[in-house]
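In what follows, a single structure is set out as structure tokens and then discussed.
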Amino acid sequence: MPDAVPGAVPGEAGAVTAVPRRRGRALEAAIFEATLELLTSGGFARLTMEGVAGAAQTGKAALYRRWASKADLVVHALGATLPPPADIPDLGSVRSELLQLMGRLGGIMNSPAGHAIRVLMAELDHEQALAFKDFLDGRVLRPANAAMLAILGRGERRGDVRRGAATPIVADVAPAMLLYRAKVCDGPLDEDFCGDLVDQVLIPMVRP
């Protein structure tokens, strides 16, 4: 059975228009896009390999050759589409750097992959979520913690962060607040929230 759905789009006067066969990266991109769309709209429990194959206009065999299960597919789809973490440059003040970091983290959580992560966090119980824990830790939480520690360390050296504030537990506060907002409150992770998080929580917590 071919991987791509053969020409099945009716045209004028009963003609059939062929659907181009996608391969390699183009096919993977279509599969990942379909996976995140179906996950976000229907949840993990309703997500099926058959549904993804149909939405991506390919055969189910093409998916199983690459991914052993839908959980494996979801992790790879998230990894391929989640915006990469980035270092925050020295902007001269801890507030400016924290605002930029919170904006980037909010952008990650508002991306298609971020919305899919929020669906997973809301739907899966603890045992099911273990399959995605390592991914979330490696691609979101640890990079965010490292970026926070770098910002706070620079602030200590400049003098706009109190000495001793650059610790892992302090650096965990912002990512924890973002995840709490997304999972428990289901609130927007917009510019206003990120600004309030910086000015009402982070700056009072670390200023000299």
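The values are calculated or read from the model by the stated rules, or taken from the named source; none is laboratory data. Computed from a prediction, not measured in an experiment: that's the story for all the values here. Here the Cβ positions follow ideal geometry from the backbone for every residue, glycine too, while neighbour counts run over all protein chains shown. SASA here: full protein model, heavy atoms, side chains in, ligands and nucleic acids out. Shrake-Rupley method; radii C 1.70, N 1.55, O 1.52, S 1.80 Å.
Check the straight Cα-Cα distances from LYS183 and name the lysines below 30 Å, setting aside those fewer than 8 residues away within the same chain.
Reachable lysines: LYS70, LYS133.
First measure r as the distance between the Cβ atoms of ASP172 and GLU123, then evaluate 1/(1 + (r/R0)^6) with R0 = 25 Å and state the FRET efficiency to the nearest 0.05.
Numbers: r = 24 Å, r/R0 = 0.96.
It comes to 0.55.
With every protein chain left in place and a probe of 1.4 Å, what is the accessible surface of LEU136, to the nearest 10 Å²?
Roll a 1.4 Å probe over it and LEU136 shows about 30 Å².
Restricting things to alpha carbons, tell me how big segment 53-101 is in terms of Rg and Dmax, in Å.
When restricted to the Cα atoms of segment 53-101, Rg and Dmax are 18.8, 54 Å.
Mind telling me which of GLY92, GLY155, GLY79 comes out most flexible in a GNM of the chain, alpha-carbon contacts under 10 Å?
Among GLY92, GLY155, GLY79, the largest mean-square fluctuation in the Gaussian network model of the chain belongs to GLY92.
Could you work out the helix-only [θ] at 222 nm for the chain, with each DSSP H run of four or more residues adding -39,500 (n - 2.57) and the total divided by the number of residues, to the nearest 500 deg cm²/dmol? Provide the component values of the computation, followed by the final result.
Values: 12 runs with 122 residues, N = 208.
Dividing the helical sum by the residues of the chain leaves -17500 deg cm²/dmol.
Compute, for ARG154, the solvent-accessible surface of its heavy atoms (probe 1.4 Å) with the complete set of protein chains present, and express it in square angstrom to the nearest 10.
Result for ARG154: roughly 40 Å² accessible.
Ignoring ligands, DNA and RNA, how do LYS133, LYS60, LYS70 rank by accessible area with a 1.4 Å probe, largest first? Don't skip to the answer; put the middle values down first.
Numbers: LYS133 115, LYS60 85, LYS70 50 Å².
So, going from the largest accessible area down, we get LYS133, LYS60, LYS70.
So what's the Cα pair-distance distribution over segment 92-140, bin width 10 Å, in %?
Each 10 Å bin holds this share of Cα pairs: 23, 42, 24, 10, 1.
Between ASP199 and ALA29, what length in nm is gained on full extension when 0.36 nm per residue of separation is reduced by their alpha carbon distance?
On the way: separation 170, 0.36 × 170 = 61.20 nm, distance 3.89 nm.
Gain in length upon complete extension: 57.3 nm.
Take the alpha carbon atoms of segment 138-174, find their center, do the same for segment 25-72, and report the distance between the two centers in whole angstrom.
What the calculation gives is 37 Å, centre to centre.
What are the semi-axes of the equivalent ellipsoid of segment 124-175, taken as the square roots of 5 times the eigenvalues of the Cα gyration tensor, listed largest first and rounded to whole Å? Walk me through the numbers on the way to the answer.
Working: eigenvalues 177, 18, 7 Å².
Ellipsoid half-lengths, sorted descending, are 30, 10, 6 Å.
State, as an integer percentage, the relative contact order of segment 78-121 based on alpha-carbon contacts under 8 Å between residues 6 or more apart. Intermediate values should be presented prior to the final figure.
Values: 21 pairs, mean separation 20.0, N = 44.
46 percent.
If you consider only alpha-carbon coordinates, what radius of gyration and Dmax does segment 138-201 have, in Å?
In Å, with Rg to one decimal and Dmax whole: 12.6, 37.
Using amide H atoms built 1.01 Å from N in the peptide plane, name the residues 5+ places from THR58, or on other chains, whose amide H lies under 5 Å from its own.
Amide H to amide H, under 5 Å and 5 or more residues apart or across chains, THR58 pairs with VAL5.
State the label only: which of [x] 21.3, 77; [y] 16.9, 66; [z] 21.3, 87 corresponds to Rg and Dmax of the Cα atoms in Å computed from the shown model?
Looking at Rg and Dmax of the Cα atoms in Å for this model, the match is [x].
Can you work out the Karplus-derived ³J(HN,Hα) for every residue in segment 156-161? Use 6.51 cos²θ - 1.76 cosθ + 1.60 with θ = phi - 60°, whole Hz, and x for glycine or proline.
These are the phi-based 3J(HN,Hα) values: 4, 5, 6, x, 9, 10 Hz.
When the chain is modelled as a GNM with alpha-carbon springs shorter than 10 Å, which of GLU37, GLU123, GLU97 fluctuates the most?
With Cα springs under 10 Å in the chain, the top fluctuation among GLU37, GLU123, GLU97 is at GLU123.
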